[in-house]
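**Q** Below are the structure tokens for one structure; questions will follow.
The values are calculated or read from the model by the stated rules, or taken from the named source; none is laboratory data. As the structure is a prediction and not an experimental result, all values here were calculated from the model. With ideal geometry, Cβ positions are generated from the backbone for all residues, glycine too; neighbour counts draw on all protein chains shown. With ligands, DNA and RNA removed, areas are computed over all heavy atoms of the protein, side chains included. Shrake-Rupley method; radii C 1.70, N 1.55, O 1.52, S 1.80 Å.
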Amino acid sequence: MNRRVFAYLLSTACISSAKTPELRPKGLMLNLDFEGVKEGLIPNKALYPLFVPTGNLFVDRIKHRNLLVVDEGRGLDIPHSSLLDPAGDEWVVSIRVFLLTDGLILSQGNDRHGFAIYTKDHQVFARVRTGNVAYTLQEKPNSGISKFRKKWVTIELRISAGHAFLSLNRKYAAMVTGQPPLNGDGMRIRIGTHRELPGVFREFQKLNTDGFSGAINSLKIHRQ
């Protein structure tokens, strides 16, 4: 084969491969292991190694299990990885918390897209922004409002193309249809009190950055 032809074909192949989107693994992306905490680092029991510094929070053993204790005015950042960026697949977030006071529980996002889970008047809400669409998932009065003060609750948020579901203690709470999937780079995760209001709340004028107080038993994120 002529060397010039070979070089042209090789360069074309390189360009084509460079334009191919990065394929990210599916499965359990984040699973904080509170039982395995050592020297202030929480390991990730998932597909790749990650250690989360507890910062100004702490892990305490309460009733035979380790819990991440969240005080008022304090929060925690999850170190960022591209594997923790939603890429249009179904994004499933599950967190089990004991709620003492209202506030932001968890958020993930950048300046444009993301979600936040929070409580107000002891009711759980999820605010999501995907594409140019923003919406709130919450229980409806006609089906009964669950109040979680001094109680444990497992909150699961599922976001995919055309559907978003919120469940509380494994029971259906709310659904929204017709929206784009969650997709974006630099989608950082924060627990508790935030330094600034998450971008999903930019239409909300009266919200603040206060986080909840209580404890966390588990935090998991799946890509499906």
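**Q** Could you list, in sequence order, all residues of segment 74-104 that are within 23 Å of ASN56 (Cα to Cα) and among the acidic types (Asp, Glu)?
**A** Within segment 74-104, ASP77, ASP102 qualify.
**Q** Related question: What residue, among those in segment 99-127 that are over 15 Å from SER167 (Cα atoms) and without any contact (Cβ under 8 Å) to a residue 40 or more places away in the chain, is most open to solvent (accessible area, probe 1.4 Å)?
**A** Among those residues, the one meeting the criterion is LYS120.
**Q** Keeping to segment 68-85, report how many residues are assigned to a loop (DSSP other than H, G, I, E, B) and either within 27 Å of ASP102 (Cα to Cα) or among the charged types (D, E, K, R) (or both).
**A** 7
**Q** Now for a different question. Just wondering, is there one or more residues in segment 144-159 that are assigned to a strand (DSSP E or B), surrounded by fewer than 21 Cβ atoms within 10 Å (Cβ to Cβ), over 17 Å from the mean Cα position of the chain (by Cα) and free of Cβ contacts under 8 Å to residues at least 40 places away in the same chain?
**A** No: segment 144-159 contains no residue that is assigned to a strand (DSSP E or B), surrounded by fewer than 21 Cβ atoms within 10 Å (Cβ to Cβ), over 17 Å from the mean Cα position of the chain (by Cα) and free of Cβ contacts under 8 Å to residues at least 40 places away in the same chain.
**Q** Same structure, new question: Among the residues of segment 174-186, count how many are open to solvent by 40 Å² or more (accessible area, probe 1.4 Å) and over 27 Å from SER81 (Cα atoms).
**A** Qualifying residue count, segment 174-186: 3.
**Q** Only one of these is touching a strand residue (DSSP E or B) at 6+ places or on another chain (Cβ under 9 Å), surrounded by fewer than 20 Cβ atoms within 10 Å (Cβ to Cβ) and either among the charged types (D, E, K, R) or touching a residue at least 40 places away in the same chain (Cβ under 8 Å) (or both): LYS206, LYS171, LYS140. Name it.
**A** Only one candidate passes the filter, namely LYS140.
**Q** Would you point out the residue of segment 20-78, among those that are open to solvent by 70 Å² or more (accessible area, probe 1.4 Å) and among the basic types (Lys, Arg), that is farthest from the chain's Cα centre (by Cα)?
**A** This residue is LYS63.
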